């Protein structure tokens with residue numbers, strides 16, 4: 001998904017990822033199961049597809065109820081919305097693109113999800129000022145693939161003392177991309193789907 005002054009990832013995900021098209025995504029579980037939501041018409045925006053989300057939220061099913069979550073590089077909001085639908089206590093959505101952020105805010109209003117909040121800013125700027133906020137139990141890190149922001153973002157998360165004890169961090173990246181993680185983080189789950197690698201770390 002594009003961000004101002006940042007490279008965008010490919011407009012279409014490779015075959016086999018269950019990528020959404022036509023500016024619409026579907027919530028696949030929880031109280032909003034089956035609900036279809038529009039997302040902004042932004043070049044390169046790539047919601048995490050159904051199959052990947054199903055796998056991810058199977059991993060997370062026992063961790064979500066009441067969890068405080070952060071959806072960085074939110075884009076369509078697919079991950080954070082799915083988390084709210086399945087019982088997360090609160091989700092902060094961080095999205096730099098104004099159009100995508102505005103559409104996501106509108107969707108939260110339609111869903112009457114007052115425990116979801118959109119922050120229209122860059123992820124690094126949000127993390128700099130979020131250090132004094134309550135810690136997060138779960139963080140989704142799915143940046144634009146071409147921008148190579150994984151190490152910077154994970155380092156900020158680790159050094160900012162914004163992760164709760166035992167927090168989980170989900171990282172989505174190209175299959176062959178090496179993603180360095182901070183010392184002490186443990187890889188809990190990993191799966192490849194097409195050209196995408198899904199990883200879940202515990203802190």
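For the range 75-89, the candidate set comprises residues that are in a loop (DSSP other than H, G, I, E, B) and modelled with pLDDT of 95 or more; within that set, the residue that is surrounded by the most Cβ atoms within 10 Å (Cβ to Cβ) is 88. Can you confirm whether the range 132-144 contains a residue that is free of Cβ contacts under 8 Å to residues at least 40 places away in the same chain, surrounded by fewer than 17 Cβ atoms within 10 Å (Cβ to Cβ) and under 19 Å from residue 203 (Cα atoms)? Yes: the range 132-144 contains one or more residues that are free of Cβ contacts under 8 Å to residues at least 40 places away in the same chain, surrounded by fewer than 17 Cβ atoms within 10 Å (Cβ to Cβ) and under 19 Å from residue 203 (Cα atoms). Restricting the range 42-70 to residues that are farther than 26 Å from residue 163 by Cα and in contact with a helix residue (DSSP H, G or I) (Cβ under 8 Å, 6 or more places away or on another chain) leaves a set whose member that is surrounded by the most Cβ atoms within 10 Å (Cβ to Cβ) is 45. Counting the residues of the range 96-131 that are in contact with a helix residue (DSSP H, G or I) (Cβ under 7 Å, 6 or more places away or on another chain) and without any contact (Cβ under 8 Å) to a residue 12 or more places away in the chain gives 0. If you filter the range 91-102 down to residues that are within 16 Å of the chain's Cα centre (by Cα) and assigned to a helix (DSSP H, G or I), you find that the one that is farthest from residue 70 (Cα to Cα) is 100. Does residue 189 qualify as being in contact with a helix residue (DSSP H, G or I) (Cβ under 7 Å, 6 or more places away or on another chain), touching a residue at least 40 places away in the same chain (Cβ under 8 Å) and surrounded by fewer than 17 Cβ atoms within 10 Å (Cβ to Cβ)? Yes: the conditions hold for residue 189. Scanning the range 57-74 for residues that are touching a strand residue (DSSP E or B) at 6+ places or on another chain (Cβ under 6 Å) and not in a loop (DSSP other than H, G, I, E, B) yields 59, 68, 69, 70, 71, 72. Listed by position, the strands (runs of 3 or more DSSP E) contained in the range 111-202 that have at least 1 residues being over 27 Å from residue 36 (Cα atoms) are 136-141, 163-174, 186-193, 196-202.
The values are calculated or read from the model by the stated rules, or taken from the named source; none is laboratory data. Predicted, not measured: the structure shown is a model, and the values here were computed from it. A quick note on method: Cβ atoms are made from the backbone with ideal geometry, for glycine too, and the neighbour counts reach across all protein chains shown.
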